[in-house]
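The values are calculated or read from the model by the stated rules, or taken from the named source; none is laboratory data. Since this is a predicted model, take the numbers as computed values, not measurements. Reconstructed Cβ throughout: ideal geometry from the backbone, glycine too, with neighbour counts over all protein chains shown.
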Amino acid sequence: MSLNYFSILLSKIDLFGKAVELNFNGGGKSRTRIGGFFSILFFGFWIWSIYDVGQDIFKRKNPTTLATEVFTENPERMVLNPSTFSFAFGLEDPIFFSHYINESIYTMEVVVKQMRRQKNADGSVDLIWKDIALKTEVCTEAHFGDIAENFANLQLTQLYCLALDQPNLKEVSIEGMYESDVFDYIQISAKQCNPGTSRVPCGSDEEIEALLGGGGYFAIYFTNRAVNTKNYKAPTHRYRDVSFTMFGNNYYKEIHMYLNHLEIRSGTGWLTTDESSQKYVQFGSIDETVALKQKEGSMLDFQIRTGKIVQVYNRSYIKIQDIAAQANGLSSVALIILLIFVTPFSNLKFYESLINELFDVRILKDDISKRKGGDDGKSQGPDQGMKMTRSKTMKKEPVKKKRKHKTSLELETRVDSKPVQIEVIDSPKSFLREDTNEYEQLKNGSLLNKTKVLYRTKEKKLFLFILIYN
């Protein structure tokens, strides 16, 4: 008993059994012309959806972008040159707020300050400083490279820029923080004219006090970057930015400008996650400190440092497998909509074909003279009747087309109009017998549009429900 039960259980959980299917007219489906028409519409929509979704694999205008901020204790080296970060700086007078260059009033000095931490054997740490002086000159549009037009409306002849002809200008860099082992930054110092060191005679105390005594501004114009992740080839755009701060010769101010690393990572593969990376310089933030007493030799120090934040944009583009998935989703929705409209008609045509395959429906006319004006086969006379016989074969007989002139008393027709449900309870070895009262109603046509004929057999019952049409 247990062995038999185990065999039955094994049979029930078989995942590799062959599916049993019934074929209709040599195929697994009942197919219609209207179904074929909507199938063409469906395939057209599927092709369009692949094109609509997949064109971005070439245009690459709609990436999926993830922006993150990464903190780093020791910022990496950042090279500053006209192609990465350009800047112009100077003072404004407190009366007309216009820039001016006048060495008899003030001078500007720019140095790269480098600090290295050296750890000694006894555990102490020495700070080793080195200053690299940079030459300055009056600004021109050539100092700003491909965005010179953005600076053309400034008073460039009254602003300072780094001299273009000095050695290693393209290698000027900043790196790290004060607490890092390597710390490099650029410092711009605004100094009041000193008669002992000035190359030109200094202005009078009244002139100097009128311009530097308070209310003047220090300004720095610089290039910044905006991010446009939809532009595949040029994801950043350079533009002119500016920062102002007040200063005076009776106190000291130190300003820190932090530049952040900007990295844009792009997935370039059509199937895999191949990645490329582009790095830029972007303005981060500014902070200020103020001392209420004047620092010897300097009114203001403006320091350009690296920030601790790395702004990262990850761009991922649609891939071939994504196109297939999205197109399949759109097509599934379209298929459901088409099924709602087409399925009832397909079922209708299937039952029509099935009943025509199983039965011959014949209209008998005993009096040919009563067919006058009834060439379409629809006239109903008292001598007319209907005979339904079981087809001897399962092969579908061709439909005979109606002709205008009939010579036979018997007209063969097919089922193709209004539905009447006939329930046939039959077995292959039995013969049909009719219910007398309902058969009489079937003969005179009163039953066709409002009821059904029930047939029974003496043998084992096999139920078959068929929709036919009159």
Restricting to the range 54-77, name every residue that is touching a Ser or Thr at 6+ places or on another chain (Cβ under 6 Å) and surrounded by fewer than 18 Cβ atoms within 10 Å (Cβ to Cβ). T64, T65, N74, R77
Unique match (being without any contact (Cβ under 8 Å) to a residue 60 or more places away in the chain, aliphatic (A, V, I, L, M), surrounded by 13 or more Cβ atoms within 10 Å (Cβ to Cβ) and under 28 Å from N260 (Cβ atoms)) among L127, L134, L169, L80: L134
Quick check on the range 50-66. Is at least one of its residues among the hydrophobic types (A, V, I, L, M, F, W, C) and closer than 30 Å to F345 by Cβ? yes
On the given criteria, is F37 among the aromatic types (F, W, Y) and either free of Cβ contacts under 8 Å to residues at least 24 places away in the same chain or loosely packed, with under 14 Cβ neighbours inside 10 Å (or both)? yes
Quick one: in the range 182-201, which of the residues that are surrounded by 13 or more Cβ atoms within 10 Å (Cβ to Cβ) and assigned to a loop (DSSP other than H, G, I, E, B) is nearest to the chain's Cα centre (by Cα)? C193
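Restrict the check to the range 346-360 and report whether at least one residue is over 30 Å from N62 (Cα atoms) and either touching a His at 6+ places or on another chain (Cβ under 8 Å) or at pLDDT 80 or above (or both).
no
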Taking Y51 as the residue in question, decide whether it is of a type outside the set (A, V, I, L, M), loosely packed, with under 12 Cβ neighbours inside 10 Å and at pLDDT 75 or above. yes
Looking at the range 206-232, which of the residues that are of a type in the set (V, I, T), part of a strand (DSSP E or B) and out of contact with any Pro (no Cβ under 8 Å at 6 or more places or on another chain) is nearest to I105 (Cα to Cα)? I220
Say we look at the range 202-230 and pick out the residues that are touching a residue at least 60 places away in the same chain (Cβ under 8 Å) and closer than 16 Å to Q278 by Cβ; which of these is surrounded by the fewest Cβ atoms within 10 Å (Cβ to Cβ)? K230
Take I323 and decide whether it is outside the structural domain of R225 (by TED's automatic domain parsing) and buried (at least 16 other Cβ atoms within 10 Å of the Cβ). yes
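With under 48 Å from the mean Cα position of the chain (by Cα), hydroxyl-bearing (S, T, Y) and over 25 Å from E175 (Cβ atoms) as the only criterion, which of S49, S104, S98, S86 stands out? Step through it out loud before you land on a result.
Numbers: S104 fails: under 48 Å from the mean Cα position of the chain (by Cα); S98 fails: under 48 Å from the mean Cα position of the chain (by Cα); S86 fails: over 25 Å from E175 (Cβ atoms).
Selected residue: S49, the only one of S49, S104, S98, S86 that is under 48 Å from the mean Cα position of the chain (by Cα), hydroxyl-bearing (S, T, Y) and over 25 Å from E175 (Cβ atoms).
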Among the strands (runs of 3 or more DSSP E) contained in the range 73-164, which hold 2 or more residues that are of a type in the set (D, E, K, R)? 106-119, 125-134
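Which residue out of Q282, Q303, Q311 is surrounded by 12 or more Cβ atoms within 10 Å (Cβ to Cβ), in contact with a Leu (Cβ under 8 Å, 6 or more places away or on another chain) and closer than 21 Å to P82 by Cβ?
Details: Q303 fails: in contact with a Leu (Cβ under 8 Å, 6 or more places away or on another chain); Q311 fails: closer than 21 Å to P82 by Cβ.
The match here is Q282.
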Checked the range 236-270 for anything closer than 26 Å to S316 by Cβ and modelled with pLDDT of 90 or more; matches are T236, H237, R238, N260, H261, L262, E263, I264
